[in-house]
Amino acid sequence: MRLILLGPPGAGKGTQCKRIVEKYQIAHLSSGDILRTERAAGTDLGKKAQSYMDSGALVPDDLIIDMMVAAMKKAPKGYVLDGFPRTMVQAEGLDKALARAGEKIDAIVNLVVDDALILPRMTGRRSCPKCGAVYHIATLRPKVEGKCDKGCGDLVQRPDDTPEVVSNRLKTYHHQTAAVVGYYQKKNAVILNMDASREISQVSKAIFQKLDSLK
Ligand code: AP5
């Protein structure tokens, strides 16, 4: 199964992807997670991406397309793309890579959520820098405050989860990314619009029902 998960920052893409990959045994390819790993490792790509990420802007398309196509090649059993494509140029780059590989996307899951819900979700998010688990100080609390449930150690707040950067990321989403849904509509792709304002497990249940019915 090959999927794309679209939606604004804080829609719950990472949260839902973790549940999707567990159920369908496919790879989770998150452009944001890959960039953060590159940054932590101090690679050229990570250094180039840093200033864009810190301000809430998008990293240049050519860097992202090469990075994601390389990740897709390492996932022959299928994947869910999380946070990619985010521009028309990236969507076209993805189409070309899929055509070269003789593959296609089975469905696009589009998480729909009002901007008003985003800020409290993101400023309350806490993540584990070691295993990538995501929590929330109010709605998805770890068993011990500030500690990962898997025993990895301290949870951290992402530097781009401040109110100012979240506001920029939302603007970037509306100016550059929201139109990607229209790109796929024009191509008559299978688009599953999901109400992501509901509780996490309700959103998962609705996504699973739709994906199961596609099989
Ligand atoms: P990225 O890491 O992809 O960030 P994002 O898209 O802004 O999305 P987030 O990871 O912040 O949110 P999410 O939707 O995954 O929400 P989550 O599940 O964590 O990108 C970061 C940066 O990298 C970008 O700004 C850009 O600079 C660069 N970048 C990445 N990809 C790029 C690309 N393709 N091109 C160019 N640049 C790129 O949930 C958030 C919180 O809400 C959690 O605490 C969670 O517990 C909670 N929550 C989730 N669902 C619910 C729910 N239903 N109800 C209540 N709480 C919920």
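Each value in this text was obtained by applying a stated rule to the coordinates, not by laboratory testing. Source: prediction; values computed, not measured. Cβ: placed from backbone, ideal geometry, glycine included. Neighbour counts: every protein chain shown.
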Rank Met72, Phe208, Leu119 by how far each Cα sits towards the positive end of the charge dipole of the chain (+1 on Lys, Arg Cβ; -1 on Asp, Glu Cβ) and give me just the farthest. Phe208
Using just the helices of the chain, give the 222 nm mean residue ellipticity in deg cm²/dmol: DSSP H runs with n ≥ 4 each add -39,500 (n - 2.57), and the total is spread over all residues, rounded to 500. -15000 deg cm²/dmol
Could you compute how fast the chain diffuses translationally, taking Rh as the Kirkwood radius over C-alpha pairs and applying Stokes-Einstein at 37 °C with viscosity 0.692 mPa s? Give it in µm² per second. 185
Compute the relative contact order of the chain as a whole-number percentage, counting only Cα pairs closer than 8 Å that sit 6 or more residues apart in sequence. 30
